[in-house]
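Report on one structure; see the data block that follows.
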Amino acid sequence: MKQSLEGRIEQLKLKNATETMNIFGRLLVDNREMSLWEHDTKTLSWGVRRWRRKALKFAREYIRPLAPQADLHPHDYDPQPILAAAARHGFQTLLLVPPLGTASILPYCRGTAFQVAVVGEEFATECGGLALLLLAHNLGIVPLLLSGSLRNIIGQLVPFYLKSYILGRPACMAFAITEPGAGSDVEETEGGAKAKLVTTAKYDPKKKGYVLNGRKCFISDGAKADKVTVYAKLEDEGIESWTCFLVEKGMPGFSVGRSERKMGQRASDASELIFDNVFVPKKNVVGKLRSGWANNRNVLNYSRPVVGAMALGHGRGAFERCLEFCRKTNLGPKRLIEYQDVQLELADMAISLWAARSMIWHSCKQFRCYQSGSASAKVFASDTAFKVCNQAMELMGDHGYLHSHGVERAWRDSRLTQIYEGTNQINRLALFEHHLSTDFNPALD
Amino acid sequence: MDKEPVSGICAVDVMHYQDLARQYAKKSLLPIFQGEYSDGNLSLLPEKLNTAFDIGIAATPDESLAGCQYGIWGGALDETGIMPSALLLSVIAETCGGVAMCLHAQGVASNLLLGAKRKLPFVPVRVALCLQEGFYPPFIGTVISPDQDAPAKITTTAVQTNKHYIMNGSKSFVYSMNDVDAYIVFALVNGTWGCFIVNAYENGVEMMDVGVRTGLRACRVEHVKFNNLKIPLEARIDDGDARELVIRALNLNWTGMAAIAAGIAKGASAAARRYAAERYQGGKQIEEHPAVKMLIAGAEASVASAEAALFALQDGNLGSLKHLKKTAAAKLSVMELCSRAVTDCLQIFGGYGYMEDYGMEKRLRDVTVLKSASGSPTYLKQFIFDIEKEGVL
């Protein structure tokens, strides 16, 4: 019997064509109808899958409604409710496992940063600024964990975590390395050796502590943080003496200076921190004296995949909102999404995001994050995200640059991920440095 | 290139136009950016735009004003070619893309009126062009036949009665200076294109601002609605079919936008060079770092290519489809080159590039808006392909 063209097309679709196969052949065809997101989620272990679903729900419920206003008027919204909600849901204590934290135990042993990365993507999909507000806090905590000092972990981190998760009282931490004259220098070995740093710590034998002087700039959550992990060189020494100090809000001499006016990620502040004879007791020294440089570089190894995941989230946010636009908008008699050139572009965006996600998940699916993997994932994901955001804006024509659609916000947010946590140029050098003796050694035959 | 003579215009003229624009940018526009404003202090803008009319940079249909002939896209355009206006826009855009867009939008609409060479029902000073509907300008099929779904027909209609036309419909993304006196509206009249001058203050004309935008914030963007608007018969400015005017409007629009993008990228690359010579990292000026050298060199090469593509449009016939294909290709490639150049230049500034103080993020926002505005890359590719396919050349 002769069939119509539509009927033949329908018959040739894999799902229907599978019916012609025998039972064993059919078993090997995956015909499950599920979204891109669901497909990826199904590949995760139970513990991480749970956090991914939880983060998606939280992002839609808490971040989405707040995002447009927090971006437009960053000084007029109150961040405390969302910080409190995130703390209550356990998102602020994901860097330790129960009973001290909330991360799922088995996945944590296989990849300490993985759960934070998965959550970061979901948050950033809705809003880059609010995602940074919630995640920069983890960046402030990592130096304490990586110091390997039980004194720091038990004395500082545990009370902080309990207050946050059990009592649901929002607490926030920040990480301060960048100085006005040293941005890239504090993220790269050769630059570090020549860096001109101004923040110094002088030992006070009478009070048994250190006196901090200097300035840090572009500190995410700097104005909101209750505690800041600050890196300073010891007096009359170079960056080799860099030591990490835990500075608390309210310490005399510690103040917040200018908050920068940024192009994107505006819901989170980037502030200048001023240290004017700030006395820091010895118990607030994080790890060993002079271990700050190693600690800082390792913090970056753990944070870069998360930054990559946030970038991925910005790209995904732009993609999802663009997709929504293409579904709803007509061009002539047809929906935009029904045109094949539009389908090709959307598919290209989805493929790029998939590739970036694969790389990020691969880079942090081990207990210790390593320099080249983290740097590569961050570079690839941030470049990909910016590209995808541009594609989304272009596909929407003049609508792309309107704030109301949320795509241009994702575009602005994504641009920062190519800069912070080391510019992408610095990150490329990090990959090279890591494998200098194995792959890139000029003397190697 | 500014020392080489080009067809239709000599080197002295080129330098004169550039000097004029530089003086305007320096004396009038730079003060807008004093203080903490990401897009300049826009409350000062009306005064600065008035200056543009006074010194003859802004074109206008009003022949009593200085810019009528030699302002941006003024009446002398067919005699001088696109070069003078493109240069003026480019130099102004080095300082502010948004102001350049204001002057450009004013110029395009003025040029259509000045070319009409007929007595108008009234002579406006500030004008804006209403061509686009939905989120793209008309595709080539619609340019040829506005009543065909190719893929989207024109829905703004003007129906002739005894004494006037009745206009209904809406136009989107109309770029203008603030407070325009008149709109130049393209509408469907008996299956063909018609072009009308519409008094902005008439009952039945409704404007709606598009809201917060990424960039080009000095320029107003609005949607305009026409509800049973009565237009006198003499307000129609074409001779029975305005298709050639549509083509001319698209040509001018895309050429000007490409010139603005080239100017923004040129400004960004100059700023990046200056910064690279001042900023120290790793114990030396950052211009000594290979990564920075590569970014600057790439940006400068992109700007040179963009200018070459732009100035190759000098001798075209603005009313022809053949030239429109070249212009569409120029907009497509110039936007790509310039946006890449600007983002690379921003990268040189590191974290400072992302902050509003250095003006780099504004340049990136502006150039990105230009890329999507009035013909995105997706649309332009389709347009370029369809011109040949439709067999209209």
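Can you tell me how many residues in the stretch A:374-423 are more than 30 Å from A:T112 (Cβ to Cβ), outside any helix (DSSP H, G or I), touching a residue at least 40 places away in the same chain (Cβ under 8 Å) and facing another protein chain (nearest Cβ under 7 Å)?
1
What are the residues in the stretch A:35-49 that are part of a loop (DSSP other than H, G, I, E, B) and open to solvent by 50 Å² or more (accessible area, probe 1.4 Å), if any?
A:S35, A:T43, listed by residue number.
Go through (1) open to solvent by 30 Å² or more (accessible area, probe 1.4 Å); (2) in contact (Cβ under 8 Å) with a residue 40 or more places away in the chain; (3) not in a helix (DSSP H, G or I) for B:N317 and report which single condition fails.
With (1) open to solvent by 30 Å² or more (accessible area, probe 1.4 Å); (2) in contact (Cβ under 8 Å) with a residue 40 or more places away in the chain; (3) not in a helix (DSSP H, G or I) applied to B:N317, the lone miss is (2).
State the number of residues belonging to the stretch A:218-237 that are within 14 Å of chain B (Cβ to nearest Cβ) and under 18 Å from A:A201 (Cβ atoms).
Selection size over the stretch A:218-237: 1.
In the stretch B:296-314, which residue that is open to solvent by less than 20 Å² (accessible area, probe 1.4 Å) and of a type in the set (G, A, S) is farthest from the other protein chains (Cβ to nearest Cβ)?
The qualifying residue farthest from the other protein chains (Cβ to nearest Cβ) is B:A306.
Is at least one residue of the stretch A:283-290 within 22 Å of the chain's Cα centre (by Cα) and surrounded by fewer than 24 Cβ atoms within 10 Å (Cβ to Cβ)?
No, there is no match, as no residue in the stretch A:283-290 is within 22 Å of the chain's Cα centre (by Cα) and surrounded by fewer than 24 Cβ atoms within 10 Å (Cβ to Cβ).
List the strands (runs of 3 or more DSSP E) that sit entirely inside the stretch B:159-252 and contain at least 3 residues that are within 14 Å of chain A (Cβ to nearest Cβ).
Fully inside the stretch B:159-252 and qualifying: B:164-176, B:220-232.
I'm checking my understanding of the structure. Among residues of the stretch B:369-391 that are at the interface with another protein chain (Cβ under 7 Å from one of its Cβ atoms) and among the β-branched types (V, I, T), which one is nearest to A:A392 (Cα to Cα)?
Step by step, filter the stretch B:369-391, then rank; the result is B:T378.
Out of A:E260, A:E272, A:E240, A:E188, report the one residue that is surrounded by fewer than 15 Cβ atoms within 10 Å (Cβ to Cβ) and touching a residue at least 24 places away in the same chain (Cβ under 8 Å).
Checking each option against the conditions leaves just A:E240.
How many of the residues in the stretch A:310-367 are over 17 Å from the mean Cα position of the chain (by Cα) and not in a helix (DSSP H, G or I)?
10
Anything in the stretch A:145-172 that is farther than 17 Å from A:A103 by Cα and either under 13 Å from the mean Cα position of the chain (by Cα) or in contact (Cβ under 8 Å) with a residue 24 or more places away in the chain (or both)? List them, or say none.
Residues satisfying the conditions are A:S147, A:G148, A:S149, A:R151, A:N152, A:G155, A:Q156, A:R169, A:P170, A:A171, A:C172.
The values are calculated or read from the model by the stated rules, or taken from the named source; none is laboratory data. Everything numeric here is computed off the predicted structure, so don't read it as measured data. For neighbour counting, all protein chains shown are included, and Cβ atoms are generated from backbone atoms with ideal geometry for every residue, glycine included. Heavy atoms of the whole protein, side chains included, go into the accessibility calculation; ligands, DNA and RNA do not. Shrake-Rupley method; radii C 1.70, N 1.55, O 1.52, S 1.80 Å.
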